[in-house]
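The values are calculated or read from the model by the stated rules, or taken from the named source; none is laboratory data. Only a predicted model underlies this, so the values are computations on that prediction, with no experimental measurement involved. We place every Cβ from the backbone using ideal geometry, glycine too, and count neighbours over all the protein chains shown.
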2 protein chains.
Amino acid sequence: MKINVMTDILEANDRIAAVNRQLFDSHKNLVLNLMSSPGAGKTMLLEKTAQALRGKLRLGVIVGDVETARDKERLEKYDLPVVQLNTGSACHLDANMIASALPHVDLTNIDVLVIENVGNLVCPAEFRVGEDFKIMILSVTEGDEKPLKYPLMFRESSLLLINKIDLLKYTNFNLDEAKANARKVNPNIEIVDISCVTGEGISDWAAWLSGCYKRKFGTNSLA
Amino acid sequence: MKINVMTDILEANDRIAAVNRQLFDSHKNLVLNLMSSPGAGKTMLLEKTAQALRGKLRLGVIVGDVETARDKERLEKYDLPVVQLNTGSACHLDANMIASALPHVDLTNIDVLVIENVGNLVCPAEFRVGEDFKIMILSVTEGDEKPLKYPLMFRESSLLLINKIDLLKYTNFNLDEAKANARKVNPNIEIVDISCVTGEGISDWAAWLSGCYKRKFGTNSLA
């Protein structure tokens with residue numbers, strides 16, 4: 001008898017993710033699973049997103065961290081519903097962790113729910129949590145070869161945000177090369193260059209979000 | 001009956017790590033397990049280290065990546081013995097992976113063996129591979145709060161290299177705060193500021209390495 005532990009774990013996870021997804025759909029939530037390396041700018045992106053969506057779509061966040069509630073505290077300043085999940089030692093969020101957080105999230109007052117995953121370019125990409133889309137950030141200080149070295153996350157993501165482009169001139173990061181590498185592992189990936197410091201590209205990202213919401217629900221909730 | 005899968009895995013790992021360690025000791029190898037987020041500068045540090053140790057200590061590298069042999073190719077230009085391990089989907093190196101690589105490493109011609117772990121600020125810190133010391137890199141573009149958010153790696157590391165300090169002036173990274181945070185989770189951690197671009201701090205890091213070698217073996221092999 002052969003026990004495929006990993007296969008069993010992922011199948012069990014997918015079943016719970018499907019239940020989460022049904023709940024999200026019934027509440028008209030667009031749900032994004034946001035992934036990146038530590039320090040690529042996930043929380044700062046959400047700060048900018050809260051401002052960009054104000055009066056248009058109601059943002060909510062579930063934020064996963066190994067420890068601390070710092071990201072929650074940062075985001076609550078923007079009057080968002082934010083739930084912090086501490087994973088202890090787990091290096092990613094899974095569907096069951098999200099299910100356990102949902103009783104603490106008022107889904108009826110959220111249009112776009114972003115699940116900010118643990119900072120990790122490997123493991124989070126393996127686990128569905130009930131999202132409509134996986135999206136990811138790569139910052140220019142990490143290097144343009146990362147799509148080839150960590151292909152799964154780039155393969156699984158619908159959108160790649162290339163962040164910190166204000167620092168581009170101080171690095172040897174080749175933007176064209178990074179995009180070519182990302183498209184090599186995922187020809188369908190959409191790519192938006194952003195800087196959360198200068199605000200460049202944030203309106204393009206907000207437009208991408210609104211477009212996804214409109215395609216899923218046929219309307220902008222506050223329009 | 002309760003099955004502690006994780007405990008069993010770590011105990012089995014530690015037994016293999018102890019065997020690796022005996023082999024390293026018998027070959028007079030100082031062995032370092034080098035960890036960081038993706039893109040923090042592990043490979044570039046090793047490029048600089050190869051130059052700094054030339055004529056003093058013989059460097060060898062085992063490099064772990066999810067995919068590609070790019071890091072190996074970069075390092076081989078420095079006439080080092082380099083073995084590439086591809087983990088496929090695994091997000092860290094463990095003792096068994098290192099054991100499987102050792103038949104391909106000529107330990108008799110190495111003084112300092114650096115095991116470059118997969119870029120990941122969480123999982124690698126859980127698994128001993130037979131090293132004398134765990135060491136880590138935090139780059140200033142990642143943020144000064146990282147020791148609090150990802151404490152295990154900082155707790156397990158003997159040395160923290162704070163890299164990319166040439167970019168310090170373009171970020172809101174607070175160097176004193178980062179060090180205070182690191183010492184909060186690990187009061188004994190040693191810290192060296194470096195820039196692999198400008199070369200700042202590389203001689204301090206090389207001196208740290210030589211000091212460790214001398215304390216372990218009472219001599220510098222090429223002295």
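Please work out if A:LEU32 is at pLDDT below 95 and not charged (D, E, K, R). No. For the structure I just gave you, tell me whether A:LEU45 is out of contact with any helix residue (DSSP H, G or I) (no Cβ under 6 Å at 6 or more places or on another chain), under 19 Å from A:GLU156 (Cβ atoms) and modelled with pLDDT under 95. When the stated conditions are applied, A:LEU45 does not pass them. Filtered by the rule that a residue be in contact with a strand residue (DSSP E or B) (Cβ under 6 Å, 6 or more places away or on another chain) and either polar (S, T, N, Q) or closer than 21 Å to B:SER203 by Cα (or both), the range B:22-45 gives B:ASN29, B:LEU30, B:VAL31, B:LEU32, B:ASN33, B:LEU34, B:MET35, B:SER36, B:ALA40, B:GLY41, B:LYS42. Please verify whether the range B:65-75 includes one or more residues that are part of a strand (DSSP E or B) and touching a residue at least 24 places away in the same chain (Cβ under 8 Å). Yes, the range B:65-75 has at least one match.
Scanning the range B:141-155 for residues that are surrounded by 21 or more Cβ atoms within 10 Å (Cβ to Cβ), free of Cβ contacts under 8 Å to residues at least 60 places away in the same chain and more than 9 Å from chain A (Cβ to nearest Cβ) yields B:ASP144, B:PRO147, B:PHE154. The numbered conditions (1) buried (at least 16 other Cβ atoms within 10 Å of the Cβ); (2) farther than 29 Å from B:LEU148 by Cα; (3) polar (S, T, N, Q) are all true for A:SER37 except (2). Only one of the numbered conditions (1) part of a loop (DSSP other than H, G, I, E, B); (2) within 12 Å of another protein chain (Cβ to nearest Cβ); (3) on the phi < 0 side of the Ramachandran plot is not met by B:GLY88, and that is (3).
Considering the range A:207-223, and only residues there that are part of a helix (DSSP H, G or I) and aliphatic (A, V, I, L, M), the residue that is surrounded by the fewest Cβ atoms within 10 Å (Cβ to Cβ) turns out to be A:ALA207.
Here B:LYS28 meets each of (1) under 22 Å from B:GLU156 (Cα atoms); (2) among the charged types (D, E, K, R); (3) part of a loop (DSSP other than H, G, I, E, B) with one exception, condition (1).
Within the range B:54-70, the set of residues being away from chain A (no Cβ under 14 Å) and either more than 18 Å from the chain's Cα centre (by Cα) or among the hydrophobic types (A, V, I, L, M, F, W, C) (or both) comprises B:ARG54, B:GLY55, B:LYS56, B:LEU57, B:LEU59, B:VAL61, B:ILE62.
Just checking, does the range B:125-137 include any residue being over 21 Å from B:VAL31 (Cβ atoms), within 12 Å of chain A (Cβ to nearest Cβ) and in contact (Cβ under 8 Å) with a residue 24 or more places away in the chain? Looking for residues that are over 21 Å from B:VAL31 (Cβ atoms), within 12 Å of chain A (Cβ to nearest Cβ) and in contact (Cβ under 8 Å) with a residue 24 or more places away in the chain, one finds none in the range B:125-137, hence no. Contact map, the range B:168-181: first residue within 9 Å of chain A (Cβ to nearest Cβ), second residue in a helix (DSSP H, G or I), Cβ cut-off under 7 Å, separation 6 or more or different chains; pairs are B:TYR170/A:LEU167; B:TYR170/A:TYR170; B:THR171/B:VAL140; B:THR171/B:THR141.
A single entry from A:ASN109, A:ASN96 fulfils the requirement of being under 25 Å from A:ARG54 (Cα atoms) and polar (S, T, N, Q): A:ASN109.
Residue check: B:ASN163 meets all listed conditions (1) more than 16 Å from the chain's Cα centre (by Cα); (2) more than 20 Å from B:ARG54 (Cβ to Cβ) but one, namely (1). A search for C-beta distances below 9 Å between a residue of the range B:105-117 that is of a type in the set (Ser, Thr, Tyr) and any residue that is in a strand (DSSP E or B), counting only pairs 6+ apart in sequence or on different chains, returns nothing. Among the residues of the range A:189-206, those identified as more than 16 Å from the chain's Cα centre (by Cα) and either closer than 15 Å to A:LEU59 by Cβ or not in a helix (DSSP H, G or I) (or both) are A:SER195, A:VAL197, A:THR198, A:GLY199, A:GLU200, A:GLY201. Say whether the condition of being facing chain B (nearest Cβ under 9 Å) and either over 25 Å from A:ALA178 (Cα atoms) or out of contact with any strand residue (DSSP E or B) (no Cβ under 6 Å at 6 or more places or on another chain) (or both) is met by at least one residue in the range A:71-84. Within the range A:71-84 (the criterion being facing chain B (nearest Cβ under 9 Å) and either over 25 Å from A:ALA178 (Cα atoms) or out of contact with any strand residue (DSSP E or B) (no Cβ under 6 Å at 6 or more places or on another chain) (or both)), the answer is yes, since at least one residue qualifies.
Only one of the numbered conditions (1) in a strand (DSSP E or B); (2) free of Cβ contacts under 8 Å to residues at least 24 places away in the same chain is not met by A:MET6, and that is (1). Can A:GLU47 be described as free of Cβ contacts under 8 Å to residues at least 40 places away in the same chain and either acidic (Asp, Glu) or under 22 Å from A:ASN20 (Cα atoms) (or both)? It is false that A:GLU47 is free of Cβ contacts under 8 Å to residues at least 40 places away in the same chain and either acidic (Asp, Glu) or under 22 Å from A:ASN20 (Cα atoms) (or both). Among the residues of the range A:57-89, the one identified as among the hydrophobic types (A, V, I, L, M, F, W, C) and surrounded by fewer than 17 Cβ atoms within 10 Å (Cβ to Cβ) is A:ALA69.
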